[in-house]
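Undergrad: Pasting a structure below so you can have a look.
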Amino acid sequence: MAGFHAIIGLAISKTNKSLGEKQIPLMGVMAAFIFAAQMINFPVAGGTSGHLLGGAMAAIVLGPWAGMLVMTSVIAVQGLLFQDGGLVVMGANILNMGLVTAAVGYGLYRSASTQSTTVKLGVAGVAAWLSVMTGALLTSLDLWLSGTSHLQMVIPAMLGVHALIGLGEALITVSALAFILRTRPDLLGADSESAKGSRGWVVVGALISLAVVLISPLASGDPDGLERVAINMGFIDTGLSAPYSIIPDYTLPFLGETAFSTIAAGVIGVFVVGAIMMLVGRGMKAKA
């Protein structure tokens, strides 16, 4: 855990040095969009679903350090407010799904930063796919080290299903980046980590995030990649339930398990994670 805290501390320090005043709302919008997009599970194969991770996309648009902070805020809100992902393993989730995916995605994409748009988008797709595979591999190692599963069994199972989920990640990432390249290509230039935003762009991003939440009730109800592996390998019941319940399973308890309840919970999550990211950004600038 010491290494995890060191990475977060470094991300805060690096982001603070390059953070532009107008980039802070973009960080909030990116966090809100990724939170909303992660609510949309898409079917892959064999009764399994997947969802966007978003680490590669966040890092490509905002730079690796700001991208890591965005992913940390999303995963933390999911665990603390929605009891999604677990509290005990939150650090591992942030490392595997947030920090590492951002580093892998950004590192590969930057290798093509001087290439044509087509090449950059192609590399971004590969980077997004590899980020999912890397996260799945690290999760496999965690399951092995914790004694939950045998290494020779969990690695093929995790990588096999996430190879398909990674294709969805690549498609969503490339589509989002293609949209940004058409509307704000400067955000993906050589100085993207310190790019300036505009109020119009922030409004558009916020509206897109809310639109994604509106279709969240249509998400696949099949278990995601890790859940499917856990079911197939028999360790689905080994996890501990959260000691409290606020908005469990992305539904408001007083509204029941309805489509409106899911949408309302998603809207709350979008605003909470976006506001937290903007407060973190403004707090860093105030101390600079």
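The values are calculated or read from the model by the stated rules, or taken from the named source; none is laboratory data. These numbers come from a predicted model, not from an experiment. All Cβ positions, glycine included, derive from the backbone under ideal geometry; neighbour counts span all protein chains shown. The area values use the complete protein model at the heavy-atom level, side chains included, leaving out ligands, DNA and RNA. Shrake-Rupley method; radii C 1.70, N 1.55, O 1.52, S 1.80 Å.
Undergrad: How many nm separate the modelled label positions at SER111 and ALA211, each set 7 Å beyond the Cα in the direction of the Cβ?
TA: According to this spin-label approximation, the distance is 3.4 nm.
Undergrad: Then there's this: Give the angle, between 0 and 90 degrees and rounded to the nearest 10, that separates the Cα long axis of helix 100-110 from the longest principal axis of the Cα atoms of the chain.
TA: Computed tilt is about 40 degrees.
Undergrad: Using only the alpha-carbon atoms, what does the chain span along each of its principal axes? Please give whole angstrom values in decreasing order.
TA: Sorted largest first, the three principal extents are 48, 44, 36 Å.
Undergrad: Let me ask something else. Taking only protein heavy atoms and a 1.4 Å probe, what accessible area per residue, in Å², does region 1-133 have with all protein chains in place?
TA: On the way: 4500 Å² over 133 residues.
The answer is 34 Å² per residue.
Undergrad: Which value at 222 nm does the chain reach when only helices count, each DSSP H run of 4 or more adding -39,500 (n - 2.57), with the total divided by all residues and rounded to the nearest 500 deg cm²/dmol? Write out the running numbers ahead of the final one.
TA: Details: 11 runs with 191 residues, N = 288.
Only helices count here, giving -22500 deg cm²/dmol.
Undergrad: Given points 7 Å out from each Cα along the Cα-Cβ axis, report the LEU159 to THR183 separation in nanometres with one decimal.
TA: Distance between label points: 3.8 nm.
Undergrad: Follow-up question, since we're still on this one. Rounded to the nearest percent, how much of the accessible area of region 15-76 (1.4 Å probe, protein heavy atoms only) is carbon and sulfur?
TA: 64 percent
Undergrad: Turning to a different aspect of this structure: At 7 Å along Cα-to-Cβ for each site, give me the label-to-label distance between ARG282 and SER220 in nm.
TA: About 4.0 nm, to one decimal.
Undergrad: Full extension from TYR244 to TRP144: what is 0.36 nm times the residue separation minus their Cα-Cα distance, to one decimal in nm? If you can, show how the numbers build up before the last one.
TA: Values: separation 100, 0.36 × 100 = 36.00 nm, distance 2.80 nm.
Going from the current span to full extension adds 33.2 nm.
Undergrad: Hey, another quick one. Please determine, in degrees from 0 to 90 and to the nearest 10, the orientation of helix 23-38 with respect to the longest principal axis defined by the Cα atoms of the chain, where the helix direction is its Cα long axis.
TA: 30 degrees
Undergrad: Sequence-distant or interchain residues sharing an amide H contact under 5 Å with ASP224, placed H: which?
TA: Result for ASP224 returns SER49.
Undergrad: On to the next question. Evaluate E = 1/(1 + (r/R0)^6) for LEU80 and VAL119, where r is the Cβ-Cβ distance and R0 equals 41 Å; express this FRET efficiency to the nearest 0.05. Write out the running numbers ahead of the final one.
TA: On the way: r = 40 Å, r/R0 = 0.97.
Calculated value: 0.55.
Undergrad: Something else now. Treating the beta-carbon of each Lys and Arg as +1 and of each Asp and Glu as -1, no other charges, what is the dipole magnitude of the chain about its Cα centre, to the nearest 20 debye? Write down the numbers at each step before the final one.
TA: Values: 13 positive and 13 negative charges, 237 e Å.
Computed charge dipole of the chain: roughly 1140 debye.
Undergrad: Sorted by accessible area with a 1.4 angstrom probe, largest first, how do TYR109, TYR250, TYR244 fall?
TA: On the way: TYR109 10, TYR250 35, TYR244 80 Å².
Ranked from most to least accessible, the order is TYR244, TYR250, TYR109.
Undergrad: Ok, one more. Can you tell me how much longer the chain between LYS17 and LEU255 gets when fully stretched, taken as 0.36 nm per residue apart minus their C-alpha distance, in nm with one decimal? If you can, show how the numbers build up before the last one.
TA: Details: separation 238, 0.36 × 238 = 85.68 nm, distance 4.42 nm.
My answer for the length gained is 81.3 nm.
Undergrad: Please list, in order along region 155-169, the HN-Hα scalar couplings obtained from phi with the Karplus expression 6.51 cos²θ - 1.76 cosθ + 1.60 (θ = phi - 60°), rounded to whole Hz, x for Gly and Pro.
TA: Values, residue by residue: 5, x, 5, 5, 5, x, 6, 7, 5, 6, 4, x, 5, x, 4 Hz.
Undergrad: Length gain on complete extension for the stretch LEU167 to ALA6, per 0.36 nm per residue less the alpha carbon to alpha carbon distance?
TA: Full-extension gain reported as 54.8 nm.
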